[in-house]
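Supplied in structure tokens, the structure appears directly below.
No value in this document is a laboratory result; all are computed from the given coordinates. Everything numeric in this text was worked out from a predicted model, so none of it was measured. In this analysis, Cβ positions are derived from the backbone assuming ideal geometry, glycine residues included, and neighbour counts consider all displayed protein chains.
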2 protein chains.
Amino acid sequence: MNFPSKLLENAVNEVSQLPGIGKRTALRLVLHLLRQPADQTAGLTTALLGLRNDIKYCKNCHTISDRELCEICENPSRDNSIICVVEDIRDVMALENTQLFKGHYHVLGGKISPIDGVAPSQLNIVTLINKVKEGKVKEIIFALSSTMEGDTTNFYIYKQIKDFDIITSTIARGIAIGDELEYADEITLGRSLIHRVPFENSLKML
Amino acid sequence: MNFPSKLLENAVNEVSQLPGIGKRTALRLVLHLLRQPADQTAGLTTALLGLRNDIKYCKNCHTISDRELCEICENPSRDNSIICVVEDIRDVMALENTQLFKGHYHVLGGKISPIDGVAPSQLNIVTLINKVKEGKVKEIIFALSSTMEGDTTNFYIYKQIKDFDIITSTIARGIAIGDELEYADEITLGRSLIHRVPFENSLKML
């Protein structure tokens with residue numbers, strides 16, 4: 001792309017560094033900002049800088065927070081003996097939307113992935129093991145994505161906590177609500193058969 | 001979406017105001033920036049603010065430029081008697097990439113669109129008419145999108161300049177290079193038949 005303006009080229013280059021945004025999309029976004037009042041660009045940049053510079057991570061569960069402790073860890077009505085292990089804050093938000101979990105979370109900050117160069121030491125795993133060692137944890141629920149990396153991470157942590165007197169579980173794998181059986185892959189279908197639930201229980205979940 | 005952090009919510013709301021970016025994508029982009037060094041966010045915001053505050057529009061052709069006159073209008077080897085009328089700077093960049101046009105451009109800044117509330121007075125039409133009135137223009141080439149709005153804009157301008165002694169033309173509509181005939185719509189196919197070119201000419205264009 002030949003740009004008629006260095007300012008434009010610079011802005012497009014910066015925006016196109018965001019994941020999933022190519023040069024063409026970046027140009028479209030940047031030209032949109034030029035057509036809007038300058039307030040919008042100012043608001044956008046102030047919000048991004050504010051987030052990047054002032055954001056905190058909860059010292060207990062490592063989720064994104066405006067304070068030292070997040071709202072969930074601060075809430076005395078939540079059960080800190082049940083810990084749901086997730087990859088990032090999006091998973092916390094998704095699980096909170098179900099309104100079914102009343103324990104604490106532990107945000108790993110990623111998954112173990114040799115291909116992407118993510119080693120266990122880069123994740124918040126040590127603090128999770130320490131919580132288990134302190135003896136206050138009764139149950140660990142693994143809620144990572146059902147991928148090779150997710151399973152590897154689950155297993156890596158499981159090996160280190162399996163000798164402690166706690167329950168470990170993972171969220172159920174199975175046919176998603178609304179899915180057609182014929183389009184499900186055989187591994188999912190197989191697991192959903194092996195981990196079948198009593199019919200009365202399935203009624204309760206609805 | 002329930003956000004655990006006001007800073008995060010604010011950033012997501014600002015980013016999701018960009019066209020084609022929903023809340024989920026905005027969250028993904030913002031979390032990406034948090035994982036990158038703070039330099040990247042600083043670079044992005046500086047580039048956007050620089051563009052928004054310091055950008056100029058060429059006083060001759062209204063394209064985006066770093067100076068009073070754009071590189072094309074400043075270039076003495078370009079023919080200012082042939083003017084190619086386009087919607088925005090992306091069209092200028094696309095046409096420049098062909099390296100086939102050696103005249104000047106005139107950037108309208110949009111298309112007449114009653115549905116989107118874009119009236120002729122909001123576009124750079126008066127300055128184009130004035131150029132024609134000054135008598136230096138020999139040819140006007142309309143290079144707007146082949147849509148209802150593009151055709152309306154073409155016709156609106158054409159009515160005002162048709163009595164002057166100039167050539168007016170529009171870029172050819174037809175089957176794009178590489179397209180299968182059977183998938184072309186009948187209007188395009190019909191136009192490409194009516195405006196057929198001598199075979200020798202078509203060889204020259206390759």
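Using Cβ contacts closer than 10 Å as the measure, can you line up B:His104, A:His195 from fewest to most?
A:His195, B:His104
Between region B:19-59 and region B:102-163, what's the alpha-carbon centroid distance in Å?
32
Another one. Which of the listed residues, B:Leu144, B:His195, B:Leu100, is farthest toward the dipole's positive end in chain B, when Lys, Arg count +1 and Asp, Glu count -1 at the beta-carbon?
B:Leu144
Any idea what the alpha-carbon Rg over 2.2 N^0.38 Å comes to for region B:38-77?
Its radius of gyration relative to the 2.2 N^0.38 Å reference: 1.53.
Rounded, prolate or oblate: pick one for region A:76-171, where a ≥ b ≥ c are the square roots of the eigenvalues of its C-alpha gyration tensor, a/c under 1.5 means rounded, and failing that, prolate if a/b is larger than b/c, else oblate.
oblate
Among DSSP bridges having both ends in region B:1-160, what percentage is antiparallel? Round to the nearest 5.
Among the beta bridges of region B:1-160, antiparallel pairing accounts for roughly 25 percent.
Shifting gears a bit: Given axes a ≥ b ≥ c from the Cα gyration tensor, I'd like to know whether region B:20-99 is rounded (a/c under 1.5), prolate (a/b larger than b/c) or oblate.
prolate
Mind listing the label-point distances from A:Ser145 to the same position on all other copies, shortest first, one decimal in nm, points 7 Å along Cα→Cβ?
3.3
Tell me, what are the semi-axes, in whole angstrom and largest first, of the equivalent ellipsoid of the protein assembly as shown as set by the roots of 5 times the Cα gyration tensor eigenvalues?
Semi-axes, largest first: 57, 27, 18 Å.
Below 8 Å, C-alpha to C-alpha, sequence gap of six or more: please give me the relative contact order for chain A in percent.
Relative contact order of chain A: 12 percent.
Distances in nm, one decimal, shortest first, from B:Ile115 to the same residue in every other copy, taking the label point 7 angstrom along Cα→Cβ.
Ordered by increasing distance: 4.2 nm.
Something else about it: For region A:6-54, what does the convex hull of the Cα positions come to per residue, in cubic angstrom?
With only Cα atoms used, region A:6-54 gives 79 Å³ per residue.
With respect to the symmetry axis carrying chain A onto chain B, which residue of chain A exhibits the smallest Cβ distance to that axis, and what is the value in whole Å?
Reported as residue, whole Å: A:Thr45, 2.
Can you give the % of DSSP beta bridges in the protein assembly as shown that are antiparallel, to the nearest 5? It would help to have the intermediate numbers written out before the result.
Details: 6 of 32 bridges.
Expressed as a percentage, antiparallel bridges in the protein assembly as shown total about 20.
I would also like to ask the following. Count the DSSP beta bridges whose two residues both fall in region A:76-171, then state the antiparallel fraction as a percent rounded to the nearest 5.
Percentage antiparallel, nearest 5: 5.
Can you compute the modelled spin-label distance between B:Glu180 and A:Asp116, with each label point 7 Å from Cα toward Cβ, in nm?
Roughly 3.8 nm, to one decimal.
While we're looking at this one, here's another question. Summing Lys, Arg as +1 and Asp, Glu as -1, what charge do residues with Cβ under 13 Å from the Cβ of A:Asn60 carry, A:Asn60 excluded?
+2
Right, something else. Kindly state, as a whole number, the per residue volume in cubic angstrom of the convex hull around the alpha carbon atoms of chain A.
Values: hull volume 43.6 nm³, N = 206.
Hull volume normalised by residue count: 212 Å³.
Here is a follow-up. If we count every other residue with Cβ under 12 angstrom of B:Gly43's Cβ, Lys/Arg +1 and Asp/Glu -1, where does the sum land?
For residues surrounding B:Gly43, the net value is -1.
Find every distance from the label point of A:Thr170 to the corresponding label point in the other copies (7 Å from Cα along Cα→Cβ) and write them in nm, one decimal, shortest first.
Ordered by increasing distance: 6.0 nm.
Determine the shielding of peptide B:120-130 by partner chains: average, over its residues, the number of Cβ atoms on other chains within 10 angstrom of each Cβ.
On the way: counts 0, 0, 0, 0, 0, 0, 0, 0, 0, 0, 0.
Other-chain Cβ atoms within 10 Å of each residue's Cβ, averaged: 0.
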